[in-house]
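Have a look at the structure below before the remarks.
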Amino acid sequence: MNRFSYTRAASLDEAVRALAADAAAKIVAGGTNLVDLMKYNVERPARLIDVTRITGLDRIEESDGGLRIGALVPNTNVAYDARVEERYPLLASAILAGATPQLRNAATTGGNLNQRTRCYYFYDTETPCNKREPGTGCPAVSGVNRIHAILGASEHCIATHPSDMCVALAALEATVHVAGPGGARAIPMAEYHRLPGDRPEIDTTLKRDEIVTAVALPAEAQAFRTNYTYLKLRDRLSYAFALVSVAVGLEMDGGSIRRARIALGGVAHKPWRRTDAEERLAGKAADRQAFAAAADLLLEGAKGYEHNEFKIDLARRAIVRALGQAAAGTPQSQVDKRIR
Ligand SMILES: Cc1cc2nc3c(=O)[nH]c(=O)nc-3n(C[C@H](O)[C@H](O)[C@H](O)COP(=O)(O)OP(=O)(O)OC[C@H]3O[C@@H](n4cnc5c(N)ncnc54)[C@H](O)[C@@H]3O)c2cc1C
Ligand code: SF4
């Protein structure tokens with residue numbers, strides 16, 4: 001058992017000051033990931049700063065024609081907010097595809113963004129792992145790598161980012177708002193999570209002493225409220241992370257695509273987008289040929305390992321199916337939403 005102190009911050013300023021003052025401190029929100037990691041001895045913070053009582057971070061507000069979701073809003077509350085359901089159903093759908101109702105009640109928006117990989121070796125302190133202990137190696141490359149990355153990986157780490165919510169946020173081009181000792185700043189979703197490169201221990205571009213305060217959904221992304229799909233392929237229908245997931249938003253013009261957004265989950269260290277694949281769909285008839293061409297671009301350079309080679313073909317089929325569903329206006333989310 002590692003000893004740690006616990007502080008409940010009464011304000012954002014107090015939380016930022018406490019985090020900046022102690023390099024071994026960590027923010028805790030819903031605790032559904034961090035507390036598990038502490039029990040496994042993977043995370044060993046000397047101090048926990050509980051941000052859950054900070055007022056103002058627990059609301060969903062109108063902002064520039066879009067919505068601003070506070071970092072403390074539980075996943076459930078985002079998914080069932082009437083404005084999110086109506087204007088950003090892709091996000092509601094992705095959140096409801098994740099975890100379980102109980103977990104979604106506790107998990108927060110800020111915590112979901114910053115949850116860590118589910119790589120088995122990362123959780124097992126008996127094995128080396130570059131993400132947990134930099135410089136020790138990556139046993140997943142030649143080990144059990146069924147859930148691992150096929151895109152954007154490096155020899156140092158082939159882990160994936162496990163979030164469903166973040167895949168939809170990437171497709172909707174959300175912005176992450178953060179606060180730190182130097183003030184507030186905004187990070188485009190595409191730049192929030194990073195690829196592992198030779199620093200796999202760093203998951204995001206959030207600085208150590210910064211706190212996520214909100215996620216903003218842009219007004220223009222409401223254009224994807226009719227033709228969208230979040231397709232998640234996994235080992236079980238509930239309580240399982242994505243092997244491959246696809247978030248699609250289309251703006252249709254009759255049978256043609258005016259504008260497309262596609263993000264993949266379960267395949268890389270961050271939600272995976274290729275804007276050239278999206279641009280190539282613009283002006284095209286919504287048919288299998290166009291969808292297959294987009295899939296080829298999205299999966300360009302994909303590399304499988306011993307146990308996850310199947311993901312490349314799975315992703316290709318999932319992209320084509322998700323684009324077809326979105327174009328037809330038949331999102332799977334209609335099924336998920338009945339399960340509260
Ligand atoms: C059994 C199980 C199944 C799951 N299945 C899925 C799934 O299918 N799909 C999916 O997407 N997720 C899944 N999850 C993960 C779940 O969504 C995350 O655990 C949850 O979103 C984390 O939110 P939290 O508020 O509990 O974060 P915490 O556990 O409190 O924190 C997680 C991390 O975020 C940091 N953090 C928290 N808030 C902030 C903030 N405001 N600013 C900066 N850093 C912050 C913490 O320091 C910590 O590093 C599953 C979890 C479990 C346990
Ligand atoms: S894939 Fe990444 S998280 Fe998993 S063992 Fe390798 S370095 Fe660690």
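The values are calculated or read from the model by the stated rules, or taken from the named source; none is laboratory data. Here the structure is a predicted model, which means the values were calculated and not measured. Cβ atoms come from the backbone with ideal geometry, glycine included; neighbour counts cover every protein chain shown.
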Residue in the range 63-80 that is acidic (Asp, Glu) and in contact with a strand residue (DSSP E or B) (Cβ under 6 Å, 6 or more places away or on another chain) present: no
Positions within the range 224-239 being surrounded by 15 or more Cβ atoms within 10 Å (Cβ to Cβ) and either outside any strand (DSSP E or B) or in contact with a Gly (Cβ under 7 Å, 6 or more places away or on another chain) (or both), in sequence order: 224, 225, 227, 228, 234
Members of the range 188-207 that are assigned to a strand (DSSP E or B) and within 15 Å of ligand 1 (Cβ to nearest atom): 193, 204
Hits in the range 159-182 - residues which are surrounded by fewer than 24 Cβ atoms within 10 Å (Cβ to Cβ), away from ligand 1 (no atom under 12 Å from the Cβ) and under 18 Å from the mean Cα position of the chain (by Cα): 173, 175
Residue 185, sole failed condition from (1) more than 22 Å from residue 74 (Cβ to Cβ); (2) in a loop (DSSP other than H, G, I, E, B); (3) within 14 Å of ligand 1 (Cβ to nearest atom): (2)
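Only one of these is without any contact (Cβ under 8 Å) to a residue 60 or more places away in the chain and touching a Ser or Thr at 6+ places or on another chain (Cβ under 7 Å): 49, 60, 69. Name it.
49
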Matching residues in the range 68-83 - criterion: being near ligand 1 (Cβ under 9 Å from one of its atoms) and part of a helix (DSSP H, G or I): 75
Residue ID - surrounded by the most Cβ atoms within 10 Å (Cβ to Cβ), chosen from residues in the range 208-223 that are in a loop (DSSP other than H, G, I, E, B) and touching a Gly at 6+ places or on another chain (Cβ under 8 Å): 210
Test: residue in the range 117-136 that is in contact with a strand residue (DSSP E or B) (Cβ under 6 Å, 6 or more places away or on another chain) and within 15 Å of ligand 2 (Cβ to nearest atom): yes
Residue check for residue 149: more than 19 Å from the chain's Cα centre (by Cα) and among the small types (Gly, Ala, Ser): no
Number of positions in the range 241-254 that are crowded, with 16+ Cβ neighbours inside 10 Å, free of Cβ contacts under 8 Å to residues at least 40 places away in the same chain and small (Gly, Ala, Ser): 0
Search result, residues across the range 117-136 that are part of a helix (DSSP H, G or I), touching a residue at least 24 places away in the same chain (Cβ under 8 Å) and not hydrophobic (A, V, I, L, M, F, W, C): 120, 123
Any hit, the range 84-94, residues being more than 28 Å from residue 127 (Cα to Cα), charged (D, E, K, R) and either in contact with a Leu (Cβ under 6 Å, 6 or more places away or on another chain) or within 10 Å of ligand 1 (Cβ to nearest atom) (or both): no
Residue 168 being in a loop (DSSP other than H, G, I, E, B) and either at pLDDT 95 or above or of a type outside the set (Asp, Glu) (or both): no
Subset of the range 100-116 that is surrounded by 16 or more Cβ atoms within 10 Å (Cβ to Cβ) and assigned to a loop (DSSP other than H, G, I, E, B) - its residue that is nearest to ligand 2 (Cβ to nearest atom): 116
